[in-house]
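Okay, structure first, notes after.
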Amino acid sequence: MAVANEPDVTVIGFVRALHRAVSGLRKIPDGSLPAFLAGALAALTAASVAVPLAAQSLPQLHVTELSQRIDRALVEPGGVFHLTIHVRITERRERLDELILGTFENCEITSNETERTAIAGGTDFVERLSVQALAPGYATISPAHIDAFDPTAGRALRFSSNAVRVSVSNGDPLKATLSSWGERARAIALRLLQAILIVAGLFLAGFVVYTLFVRRRRRPDPPPATTAAPVAARGAEEPGPRSPAARLAAVAEVYRSDRSPAVMIRVREALFVCAGESPGATLVDALKAPGARDPDLRRALIGAEAAAFGPAAEREAAGDAMLAAIAAYGAATPEGAAAWTR
Amino acid sequence: MDTVNAAPVRPREVVDAVAETIVGQAEAVDALVLALIAGGHVLLEGAPGVAKTLACRALAAAIGGSFKRIQFTPDLLPSDIVGTRIFDARTGEFITVHGPIFANIVLADEINRAPAKVQSALLEGMQEGRATIALESYPFPTPFAVLATMNPLDGDGTYALPLAQLDRFLAKIVVGFPSLDEERTIVDRFGTQAVALRRGVASLDDVAAWQRGAREVFLDERVRNYIVDLVRATRGAKYVDHGASPRAALALAALARARAYLADRRFVTPDDVRDLAPAALRHRLAFDYRLAADGISAESIVRELIAAVPAP
């Protein structure tokens with residue numbers, strides 16, 4: 001990452017030119033006035049043209065990356081760490097003399113190494129510096145920068161890197177390292193907590209919106225008022241949880257007075273349950289079930305089939321035959337007999 | 001239960017007569033008679049030598065009808081089936097010669113060995129109940145039933161029947177191998193003597209009466225709904241590319257009525273429907289590639305689909 005700012009090229013050029021002119025004046029021997037005047041004139045001329053010349057002398061560079069990185073966060077006094085400066089430009093260059101290093105406080109460079117790589121659409125420069133920390137405290141390296149005329153921006157810019165800082169400590173390196181890791185872990189935990197809180201907040205907000213708007217819209221209209229069902233009669237039809245035989249007896253009793261298909265279905269289902277089959281099975285399944293060994297129950301099951309699915313004209317007779325078989329089956333079952341005679 | 005007495009000879013007697021000739025294969029024999037009662041055609045699938053052809057011959061003999069067999073081959077022509085007009089030199093006129101399709105029971109042996117043109121000629125006749133020779137249309141004798149066989153083992157040199165043509169068969173029966181005892185009986189019975197067919201157990205009029213009687217069998221609304229639910233369950237089911245058509249529901253209802261009639265019942269039960277559903281549905285479904293990829297048999301899928309629909 002590179003930070004680009006306007007460089008102070010005008011002042012730099014003027015001061016540098018003036019400095020060179022004054023240095024020249026001091027070197028002139030006494031009695032050489034004509035030479036002095038000529039020098040002064042040259043200096044003034046140089047100063048007057050310094051501003052445009054300095055701006056024009058900036059190289060054309062478009063810097064896309066300028067960053068500094070260190071390999072250690074903590075060193076002992078006298079210890080060495082490494083600073084890596086990464087520069088990426090969009091131009092093809094063999095050298096990058098324009099890179100100005102930052103100030104090295106409480107540390108000094110011991111060696112350096114430059115690596116250049118031509119990449120697609122530019123050049124990569126990596127400057128690796130070995131830096132020795134000096135006294136306990138902090139070793140700080142201010143941002144490196146490049147002053148250049150950016151062709152894409154159409155003006156002169158200063159591209160700057162980040163600053164880096166290394167802790168220089170006399171303490172136990174392990175302890176210091178652990179302490180450093182602890183700080184990092186704490187920072188990560190804080191960020192995680194922050195993220196979790198944000199996500200939870202979003203969920204809560206979404207739930208509130210869903211509850212307030214979506215569910216309210218989907219809620220069906222209240223059912224229209226209906227007349228009350230004959231509760232007493234229904235109670236007689238559907239007795240509470242009892243044995244299958246007792247329930248069969250109860251529903252068969254209802255069938256005696258109500259020969260509707262709906263009641264017939266319930267009688268057939270009750271017969272299936274007595275046989276040990278569930279509703280949804282067929283007569284053959286029920287006859288194969290272990291509970292259907294009783295001949296009366298088998299007769300009732302077969303009769304129920306005709307009463308349930310036979311032609312309307314024949315259902316009455318089939319129903320009677322079924323009821324007779326159920327009665328015989330009920331008498332043969334103690335629970336059923338009790339329910340039947342109740 | 002009540003009985004139906006519309007005809008002097010009961011169809012069960014034909015079943016028993018065929019069963020005297022055929023050892024085992026009770027399901028196939030029942031299905032053949034059911035299709036005859038329902039007025040439909042049957043596709044029999046099974047390995048060679050499992051009495052498919054013999055069952056058809058025994059059925060034709062038992063009802064006293066005409067029986068013709070057509071061996072389907074790749075060089076068969078439509079005129080070999082429906083017939084043609086030939087010039088009679090004595091009278092100096094063209095006369096019509098009916099093909100083997102003009103019979104009460106037509107056995108189309110290995111139907112998938114003939115090309116599509118020949119299959120179409122047969123299947124059109126099955127649908128219309130008549131054939132056109134030159135410009136004249138001739139009705140088939142009644143009752144008319146095509147019993148077609150397919151051998152699932154030899155795939156080479158066969159022409160698969162399209163789903164639309166398979167749909168015209170009322171039922172597809174899978175004829176399996178006989179059991180150990182049945183196979184021993186077969187060796188004892190047919191090892192030394194010729195096959196004896198019981199002839200004239202019933203008449204063609206009896207068959208017509210059965211067909212009328214079966215149409216009068218009562219089908220309760222809930223059983224009808226069960227039929228429709230079964231057919232609809234095949235559509236969009238896993239592994240099924242194309243489900244069964246409404247013709248399948250009609251076929252299943254007809255078969256169930258025929259079964260009730262065969263059992264001397266005046267009404268159809270859910271058992272009739274459930275037991276015959278595989279025969280009515282198995283040849284009407286198209287399965288997708290996943291079936292083969294997962295190594296699952298089509299028959300097991302059909303049975304699972306049927307089992308998943310609760311009976312009334």
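The values are calculated or read from the model by the stated rules, or taken from the named source; none is laboratory data. None of these values were measured; they are calculated from a predicted model. In this analysis, Cβ positions are derived from the backbone assuming ideal geometry, glycine residues included, and neighbour counts consider all displayed protein chains. Areas reflect the complete protein model, heavy atoms only, side chains present, ligands, DNA and RNA absent. Shrake-Rupley method; radii C 1.70, N 1.55, O 1.52, S 1.80 Å.
One residue stands out among those in segment A:120-135 that are of a type outside the set (Ser, Thr, Tyr) and open to solvent by less than 40 Å² (accessible area, probe 1.4 Å): the one that is farthest from residue A:159 (Cα to Cα), which is A:133. Checking each residue in segment A:63-97 for being modelled with pLDDT of 90 or more, surrounded by 17 or more Cβ atoms within 10 Å (Cβ to Cβ) and among the aliphatic types (A, V, I, L, M) picks out A:63, A:66, A:70, A:83, A:85, A:87, A:89.
Kindly provide the set of residues from segment B:288-312 that are open to solvent by less than 50 Å² (accessible area, probe 1.4 Å), not in a helix (DSSP H, G or I) and not hydrophobic (A, V, I, L, M, F, W, C), ordered by number. Result: B:288, B:312. Close Cβ contacts (under 6 Å, 6 or more residues apart or on different chains) running from residues in segment B:174-190 that are in contact (Cβ under 8 Å) with a residue 24 or more places away in the chain to residues that are assigned to a helix (DSSP H, G or I) and of a type outside the set (Val, Ile, Thr) comprise B:175/B:28; B:175/B:52. Can we say residue B:231 is in contact with a helix residue (DSSP H, G or I) (Cβ under 7 Å, 6 or more places away or on another chain), surrounded by 14 or more Cβ atoms within 10 Å (Cβ to Cβ) and within 14 Å of another protein chain (Cβ to nearest Cβ)? So residue B:231 does not fit the description; no. For residue A:320, the conditions (1) open to solvent by less than 10 Å² (accessible area, probe 1.4 Å); (2) more than 11 Å from chain B (Cβ to nearest Cβ); (3) modelled with pLDDT of 85 or more are fulfilled apart from (1).
The rows are residues; the columns are (1) farther than 25 Å from residue B:159 by Cα; (2) at pLDDT 90 or above; (3) surrounded by fewer than 17 Cβ atoms within 10 Å (Cβ to Cβ).
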{"site": "B:6", "(1), (2), (3)": "yes, no, yes"}
{"site": "B:21", "(1), (2), (3)": "yes, no, no"}
{"site": "B:34", "(1), (2), (3)": "yes, yes, no"}
{"site": "B:52", "(1), (2), (3)": "no, no, no"}
{"site": "B:68", "(1), (2), (3)": "no, yes, no"}
{"site": "B:83", "(1), (2), (3)": "no, yes, no"}
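If you scan segment A:282-316, which residues turn out to be free of Cβ contacts under 8 Å to residues at least 24 places away in the same chain and buried (at least 21 other Cβ atoms within 10 Å of the Cβ)? A:282, A:283, A:286, A:292, A:303, A:306, A:309, A:310, listed by residue number.
For segment B:143-167, a residue qualifies if it is among the hydrophobic types (A, V, I, L, M, F, W, C), in a loop (DSSP other than H, G, I, E, B), more than 26 Å from residue B:211 (Cα to Cα) and at pLDDT 80 or above, and exactly one does: B:161. Selection of segment B:265-287 for residues being part of a helix (DSSP H, G or I) and more than 7 Å from every other protein chain (Cβ to nearest Cβ) yields B:272, B:273, B:275, B:276, B:277, B:278, B:279, B:280, B:281. Filtered by the rule that a residue be open to solvent by 30 Å² or more (accessible area, probe 1.4 Å) and not in a strand (DSSP E or B), segment B:85-99 gives B:89, B:90, B:91, B:92.
Within segment B:254-264, if we keep just the residues that are within 14 Å of another protein chain (Cβ to nearest Cβ) and open to solvent by less than 10 Å² (accessible area, probe 1.4 Å), the residue that is nearest to residue A:303 (Cα to Cα) turns out to be B:260. Of all the criteria given as (1) open to solvent by less than 30 Å² (accessible area, probe 1.4 Å); (2) more than 14 Å from every other protein chain (Cβ to nearest Cβ), the one not satisfied by residue B:200 is (1).
Number of residues in segment B:234-252 that are open to solvent by 10 Å² or more (accessible area, probe 1.4 Å) and of a type in the set (A, V, I, L, M, F, W, C) equals 4.
Among the residues examined, residue A:248 does not qualify as touching a Leu at 6+ places or on another chain (Cβ under 7 Å), within 14 Å of chain B (Cβ to nearest Cβ) and assigned to a helix (DSSP H, G or I).
Entry remark, segment A:279-307: residues being more than 60 Å from the chain's Cα centre (by Cα) and within 11 Å of chain B (Cβ to nearest Cβ) number 6 in total. When A:245, A:205 are screened for being modelled with pLDDT of 80 or more, open to solvent by less than 100 Å² (accessible area, probe 1.4 Å) and touching an Asp or Glu at 6+ places or on another chain (Cβ under 9 Å), only A:245 passes.
Every test in (1) at pLDDT below 90; (2) out of contact with any strand residue (DSSP E or B) (no Cβ under 6 Å at 6 or more places or on another chain); (3) not hydrophobic (A, V, I, L, M, F, W, C) is passed by residue B:239 save one, and that test is (2).
List the number of the failed condition for residue B:127; all other conditions in (1) among the polar types (S, T, N, Q); (2) assigned to a strand (DSSP E or B); (3) touching a Lys or Arg at 6+ places or on another chain (Cβ under 7 Å) hold. It is condition (2) that residue B:127 fails. Residues that are assigned to a loop (DSSP other than H, G, I, E, B) and either within 14 Å of chain A (Cβ to nearest Cβ) or buried (at least 20 other Cβ atoms within 10 Å of the Cβ) (or both) within segment B:203-228 comprise B:216, B:217, B:219, B:220, listed in sequence order. For segment B:236-253, filtered to residues that are in contact with a Lys or Arg (Cβ under 8 Å, 6 or more places away or on another chain) and either closer than 17 Å to residue B:311 by Cβ or among the polar types (S, T, N, Q) (or both), the residue that is nearest to the other protein chains (Cβ to nearest Cβ) is B:253.
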